[in-house]
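See below for the structure under consideration.
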Amino acid sequence: MDSFDFQPRTRVVFASGAIERLGELARELNFRRTLLVADRGLVASGHVDEALAPLRLAGIEVAGFHQFEVNPDTRIVEAGRDFAAPLKIDSIIGLGGGSSLDCAKGINFLLTNGGEMRDYLGYGKATQQLLPMIGVPTTSGTGSEAQSYALISDAQTHVKMACGDPKAAFRIALLDPALTISQPRSISATSGFDAIAHAVETYVTTKRSGLSEFFSREAWRLLESNYEIVLEQPKNLEARGAMQLGSFFAGMAIENSMLGATHACANPLTTHYRTVHGAALAMLLPSVVRWNATVVGERYGELLMLSTAATSSNGRGSFEMLAQRLEQLADAGGLRRTLSTAGVPQADLQMLAEEAATQWTGNFNPRQFDQAGALKVYEQAYS
């Protein structure tokens, strides 16, 4: 039995309509003057107003930072820090998808500890306490609400930096599936596949433990069986709730087991072609499953047996059937399956492989991951 050290840092509140408790929960943490970080899309959707109402009812002063879109970079985080600095806030609320939640964490790092985001690259670099935070996800994808990492892109190089610290964990994750109903189908598809990839990758990493495997399995079970339902029935609150819980559990798995080659290969696609993260994962994950199979094929088969596809497997799970099931899910989301159809030049594969081999998550892949392995994954995913 593998050893592990597990310390839950985040309280989870899950219910349809839970947003109405935001003021009450904030008061429990002694919030008095808070910064609400939510991108412009959340303002337009009305979700910011939904958050403001209970906060104001609880007598909490709120300053909103909304001047950003998806994929926050270092310039945006610095702008958020500059906006918040004179306000003397005592807390932060992140409302939205991973972009808003990561931006909230990034602002907190700079506001409390100073310096630049690159100073926090890696883990445990914050020397001062961070302000208490509440995370309110409106998508089911990144699982950022369950993690102590912020993914922030360098504004100059566009490389994603993973900046983590135990002090950066949200004190409360407020999960309200009703908040996810308004998202466009394309966001449900890409964010949902992101969560699916988290469940699959965390189940086989070298850093996995008995506890992380529990989160990975439950995340996969909930996500795989509800992804297509949410796409076909976007107002199905039960399925939305399952996806949101699955995303959170997958985030918990990441926190305790890290990720692997799929994310290592996906990040360069976002850097060079602005490929949406979930869309990149959909093109790569089946190829990584096939490439890793010589090492963890049986474990992939275990995931297959937990899926809805198990009924057609004659009681046997295989890595190939799992890869095919992942391709079916990508098709259901209208996501491209190959790099060629996404416009990635074949001549760029060697360059992409060189960059993928330097990505941190590749260190935790079950099969030794290097430039040659990355090139094989890209080639298999190309056509």
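General observations
- Considering residues of the stretch 334-383 that are under 30 Å from Glu232 (Cβ atoms) and among the hydrophobic types (A, V, I, L, M, F, W, C) only, the residue surrounded by the fewest Cβ atoms within 10 Å (Cβ to Cβ): Ala342
- Hits in the stretch 18-70 - residues which are in a loop (DSSP other than H, G, I, E, B), in contact with a helix residue (DSSP H, G or I) (Cβ under 6 Å, 6 or more places away or on another chain) and under 25 Å from Ser247 (Cα atoms): Ala38, Asp39, His66, Phe68, Val70
- When residues of the stretch 88-135 are limited to those that are of a type in the set (Lys, Arg) and closer than 26 Å to Glu24 by Cβ, the one surrounded by the most Cβ atoms within 10 Å (Cβ to Cβ): Lys105
- Test result for Arg299, charged (D, E, K, R), in contact (Cβ under 8 Å) with a residue 12 or more places away in the chain and either out of contact with any Cys (no Cβ under 9 Å at 6 or more places or on another chain) or assigned by TED's automatic domain parsing to the domain that holds Pro137 (or both): yes
- Among the candidates Val204, Val159, residue that is farther than 30 Å from Leu35 by Cα and not small (Gly, Ala, Ser): Val204
- Unique match (being surrounded by 24 or more Cβ atoms within 10 Å (Cβ to Cβ) and not aliphatic (A, V, I, L, M)) among Ser191, Ser209: Ser191
- Checking Thr311 against (1) in a helix (DSSP H, G or I); (2) at pLDDT 95 or above, the condition it does not meet: (2)
- Taken over the stretch 249-274, the criterion of being crowded, with 24+ Cβ neighbours inside 10 Å and farther than 18 Å from Phe364 by Cβ is satisfied by Phe249, Leu269.
- The set of residues from the stretch 66-87 being within 22 Å of Arg32 (Cα to Cα) and surrounded by fewer than 22 Cβ atoms within 10 Å (Cβ to Cβ) comprises His66, Arg81, Asp82, Phe83, Ala84, Ala85, Pro86, Leu87.
The values are calculated or read from the model by the stated rules, or taken from the named source; none is laboratory data. Owing to the predicted nature of the structure, the values given are computational and were not obtained by experimental measurement. Please note: Cβ atoms are built from the backbone with ideal geometry, for glycine as well, and neighbour counts cover all protein chains shown.
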